[in-house]
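Undergrad: Next up is a structure, given as structure tokens.
Just so it is clear, none of the values below were taken in a lab; they were calculated from the coordinates. Everything numeric here is computed off the predicted structure, so don't read it as measured data. Note: ideal-geometry Cβ built from the backbone for every residue, glycine included; neighbour counts use all protein chains shown.
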Amino acid sequence: MTGQLRVLAIGDSLTAGYGVPPEQGFVHQYVRMLQSSRGLTVDAENTGKSGATSEDIWNAVRTDPQVRSAAEKASVVTLTAGGNDLIQAAKRFYFDNDTKYLVSALKGFQRNVSHILEEIERIKAGRNPYIVFVIGLYNPLPVFEEAVFWVNKFNEHLRAFQSDRVIVVDIYGDFLGREDDLLGDDRFHPNAEGYRIIAQRVHAAGRGLIGGLAQA
């Protein structure tokens with residue numbers, strides 16, 4: 001298979017590849033998998049921002065000319081979001097033990113992801129076929145029951161977005177019990193192997209779908 005594939009990666013620190021050299025980040029590893037397995041020329045735009053919440057990502061898709069231009073051209077979009085929403089809410093929760101912060105974060109996350117996907121659809125406006133890979137959350141704190149519950153809630157809400165054009169990629173089970181192997185020194189972000197697992201999951205999810213998106 002030959003052809004060109006345009007990829008837009010939007011999201012938070014997982015998209016930015018926090019904690020590893022650029023070539024070991026999820027996006028770079030995913031691009032290499034596409035190139036090596038499919039013989040494609042891949043043009044990738046990585047707009048990930050460490051610390052970005054789902055609202056930040058939504059605002060970027062809505063207002064940032066660079067992101068919007070890349071979305072218009074891309075046939076594959078990857079999205080990582082929600083981790084920072086959950087962290088910010090969890091900090092407030094642990095301060096005064098009130099779950100209202102987590103409930104509010106969950107609702108806001110669902111709303112923002114919906115806005116992001118709807119805006120991408122508007123930007124594309126039938127210009128060319130595309131797929132969005134929405135990457136679920138793993139849990140860096142599996143020993144805490146509250147974290148397990150809320151990470152699973154976030155993932156449950158993400159799965160509701162699954163459609164012909166939106167593929168939700170579940171990575172929760174890949175990290176569960178392998179935190180020592182797949183997380184970096186900060187015990188929160190993936191190491192190179194963790195990012196490889198994410199890239200591999202996205203690549204596998206696109207098997208049988210990507211070929212029809214490449215341009216001659």
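Undergrad: Would you list which lysines come within 24 Å of residue 73, measuring only between C-alpha atoms, while excluding same-chain residues fewer than 8 positions from it?
TA: Within reach: 49, 124.
Undergrad: Using a Gaussian network model of the chain with C-alpha springs under 10 Å, which one of 160, 70, 44 is most mobile by mean-square fluctuation?
TA: Largest GNM mean-square fluctuation: 160.
Undergrad: Running a GNM on the chain with Cα contacts under 10 Å, which residue among 63, 80, 15 ends up with the highest mean-square fluctuation?
TA: For the chain, modelled as a Gaussian network with Cα springs under 10 Å, the answer is 63.
Undergrad: By count of other Cβ within 10 Å, fewest leading, how are 161, 95, 109 ordered? Working shown, then result.
TA: Working: 161 18, 95 9, 109 25.
With the sparsest Cβ surroundings first, the list reads 95, 161, 109.
Undergrad: Using a Gaussian network model of the chain whose springs link C-alpha atoms within less than 10 Å, name the residue from 54, 75, 163 with the highest mean-square fluctuation.
TA: 163
Undergrad: Roughly how compact is the chain, stated as its Cα Rg over 2.2 N^0.38 Å to two decimals? The partial results should precede the final answer.
TA: On the way: Rg = 16.7 Å, N = 216, 2.2 N^0.38 = 17.0 Å.
Output field value: 0.98.
Undergrad: Would you work out the charge dipole size for the chain about its Cα centre, treating the Cβ of every Lys and Arg as +1 and the Cβ of every Asp and Glu as -1, and quote it to the nearest 20 debye? Let's see the in-between values first.
TA: Values: 23 positive and 26 negative charges, 159 e Å.
Value, rounded to 20: 760 debye.
Undergrad: While we're looking at this one, here's another question. Per q in 0.12, 0.21, 0.29 Å⁻¹, report the Debye log10 I(q)/I(0) for region 75-145, using one uniform scatterer on each alpha carbon and no solvent.
TA: -0.44, -0.93, -1.33
Undergrad: Give the dimensionless ratio obtained when the Cα radius of gyration of region 78-117 is divided by 2.2 N^0.38 Å. If you can, show how the numbers build up before the last one.
TA: Details: Rg = 10.9 Å, N = 40, 2.2 N^0.38 = 8.9 Å.
With N residues counted in region 78-117, Rg over 2.2 N^0.38 Å equals 1.22.
Undergrad: Taking the Cβ of residue 77 as the center, what net charge do the other residues with Cβ under 15 Å away carry, scoring Lys and Arg +1 and Asp and Glu -1? Don't skip to the answer; put the middle values down first.
TA: Working: positive: 6, 62, 68, 73, 122, 124, 127, 165; negative: 12, 43, 45, 64, 72, 118, 119, 121, 164.
Net of charged neighbours comes to -1.
Undergrad: Compute for region 1-128: radius of gyration divided by Kirkwood radius, i.e. Rg/Rh, restricted to C-alpha atoms, rounded to two decimals. Let's see the in-between values first.
TA: Numbers: Rg = 16.4 Å, Rh = 15.7 Å.
Rounded to two decimals, Rg/Rh equals 1.04.
Undergrad: Also, I was wondering about something else. So what's the Cα pair-distance distribution over region 1-71, bin width 5 Å, in %?
TA: With a bin width of 5 Å, the distribution comes to 4, 17, 24, 22, 17, 11, 5, 1.
Undergrad: Still on this structure: Per DSSP H run of at least 4 residues, take -39500 (n - 2.57); add these up for the chain, divide by its residues and hand me the 222 nm value, nearest 500 deg cm²/dmol. All intermediate terms of the calculation are to be shown ahead of the outcome.
TA: On the way: 10 runs with 112 residues, N = 216.
Calculated mean residue ellipticity at 222 nm is -16000 deg cm²/dmol.
Undergrad: May I pose another question? Between region 43-63 and region 109-164, how far is it from one alpha carbon centroid to the other, in angstrom?
TA: That distance is 14 Å.
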